[in-house]
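Below is one structure, written out as structure tokens; comments come after it.
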Amino acid sequence: MKKFFANSAVRKAFVIAASFAAAAAADALRAAPVPAVTAEELKPVVFRALGHDVPQKYFSQYDGALTRGDALRLCFEAMGWDFVIKAVDQIGILPEWPEAEGISYLARTISPRPPEALASALDEPLGAEALKEASDWLAECAKSVHWKASFAWNSTELIMIKRGVGNPAGPANGDMKKGVNEPMFAVLLAVDMKSIPCQIATAVMVGANKAPLATIAVENFGVVGGINGGYFAGAKPIGVLRRQGYTDSAKFWPNRSAFGWNERGEYVFIDGRVTASISNDHSFDKFTEVLQAGPLLMKGGVPAPNSEKVHPNVLNFRHPRTFVGSNGRRVFWGVVDGRDSMHSVGMTIEELRKFCAQLSLTEALNLDGGGSSSLWWRGMTFSLPSNASDRERPIPYAVLMFEPGAGVRR
């Protein structure tokens with residue numbers, strides 16, 4: 001009996017000692033530093049997953065060990081999504097969206113989503129165990145990746161759409177034969193024309209023949225948004241331009257379509273194949289703002305195939321695009337960035353027609369694109385200029401959206 005109790009006591013003491021030893025070992029493991037990963041260790045993993053290298057100029061500077069947030073930024077930058085991060089950060093400046101911080105917001109809303117080992121606790125060190133998961137996620141993104149976000153404010157809504165992975169070694173306009181998962185960025189400003197006055201404003205009002213969109217916008221009181229308009233030569237518009245009921249350019253360019261509207265929120269898409277001129281048709285007199293461009297993209301809910309005698313280079317090659325469309329309820333002013341193999345390769349007119357159909361626009365018109373394409377909202381530009389200088393091209397006029405009761409000064 002005594003021997004039994006003795007053995008039992010020994011076993012109990014052994015179990016207690018073992019428990020203390022296990023707890024001590026667990027504490028030691030928790031206290032041990034996580035093997036940290038540097039940018040130079042992560043980049044090869046990223047490049048293998050994407051299938052190409054990315055030069056250092058596309059990356060932020062990373063010194064020492066990476067946090068998970070650092071690693072996510074590096075991954076996004078390698079995919080060519082740096083501008084999206086900056087655009088979301090701009091939204092975060094506005095008081096309505098303090099949660100819109102570029103990296104974390106994008107991680108929550110992109111598809112496919114990054115793994116938790118990369119996207120959670122962004123201030124924690126990036127451990128080596130997360131490299132495999134990061135690689136698998138990037139391999140998925142290399143096949144297909146997309147993102148869409150919208151921010152509504154006072155009868156306006158900013159919509160940003162991004163898809164694809166950039167390749168710094170690829171052509172600026174992409175590979176139209178392949179066309180798989182190519183980078184594309186578009187930004188749209190949807191407005192209720194009955195609530196938000198929209199007017200054409202010229203650069204002359206700011207003391208110049210031409211000026212950047214942002215300059216024209218900030219020099220007018222109560223401006224909510226703005227976008228570039230139709231074609232021009234030098235500082236003169238090509239085709240009809242009517243603003244506040246006054247005609248700046250009376251010539252209706254043959255076979256070219258137009259868009260008109262008034263302060264009551266009535267608007268019309270004018271088909272250049274049907275309307276030879278608006279000067280002799282008094283049904284168009286009620287539209288105090290009219291600009292002409294072309295070609296028409298959508299009509300009655302189906303693509304409008306007419307080229308309107310626009311130069312084939314404008315139609316069939318990818319360029320930055322500006323357009324206006326409607327779904328029957330709101331008017332959408334949009335820009336597609338282009339000429340950048342990392343950020344966005346642009347669209348042909350046919351691709352733009354398909355894009356408008358995907359947006360459920362029943363009517364749409366192509367406006368002036370290329371280096372003129374730009375969109376501004378609430379004090380900030382949300383498009384990336386395609387000019388070599390990365391600066392907005394000066395334009396002779398813009399379409400501005402105003403707070404209720406405000407408008408262009410004459």
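The values are calculated or read from the model by the stated rules, or taken from the named source; none is laboratory data. From a predicted model like this one, the values you see are computed outputs, not experimental measurements. Note that each Cβ is placed from the backbone with ideal geometry, even for glycine, and that neighbours are counted across all protein chains shown. Ligands, DNA and RNA are stripped out before the accessible areas are found, and what is left, the full protein with its side chains, is counted by its heavy atoms. Shrake-Rupley method; radii C 1.70, N 1.55, O 1.52, S 1.80 Å.
Points to keep in mind about this one:
- T362 vs. criteria polar (S, T, N, Q), more than 14 Å from the chain's Cα centre (by Cα) and within 24 Å of V290 (Cα to Cα): yes
- Within segment 227-242, the set of residues being surrounded by 19 or more Cβ atoms within 10 Å (Cβ to Cβ) and either within 29 Å of the chain's Cα centre (by Cα) or free of Cβ contacts under 8 Å to residues at least 12 places away in the same chain (or both) comprises I227, N228, G229, G230, Y231, F232, P237, L241.
- Test: residue in segment 204-218 that is at positive phi and either modelled with pLDDT under 95 or surrounded by 17 or more Cβ atoms within 10 Å (Cβ to Cβ) (or both): yes
- Members of segment 141-168 that are assigned to a helix (DSSP H, G or I) and exposed (fewer than 15 other Cβ atoms within 10 Å of the Cβ): K143
- Scanning segment 151-181 for residues that are over 14 Å from the mean Cα position of the chain (by Cα), aromatic (F, W, Y) and more than 15 Å from E403 (Cβ to Cβ) yields no hits at all.
- Residues (open to solvent by less than 10 Å² (accessible area, probe 1.4 Å) and closer than 16 Å to G405 by Cα) located in segment 182-192: V191
- Meets criteria (more than 19 Å from F185 (Cα to Cα) and at pLDDT below 95) for D63: yes
- Residue tally, condition open to solvent by 30 Å² or more (accessible area, probe 1.4 Å), among the aromatic types (F, W, Y) and in a strand (DSSP E or B), over segment 247-299: 2
- Exactly one residue out of A149, A134, A142 is within 23 Å of Y58 (Cβ to Cβ) and either among the basic types (K, R) or out of contact with any Leu (no Cβ under 8 Å at 6 or more places or on another chain) (or both), and it is A149.
- Where R339 falls short, out of the listed (1) farther than 20 Å from D82 by Cα; (2) open to solvent by 50 Å² or more (accessible area, probe 1.4 Å); (3) in contact with a Gly (Cβ under 8 Å, 6 or more places away or on another chain): (1)
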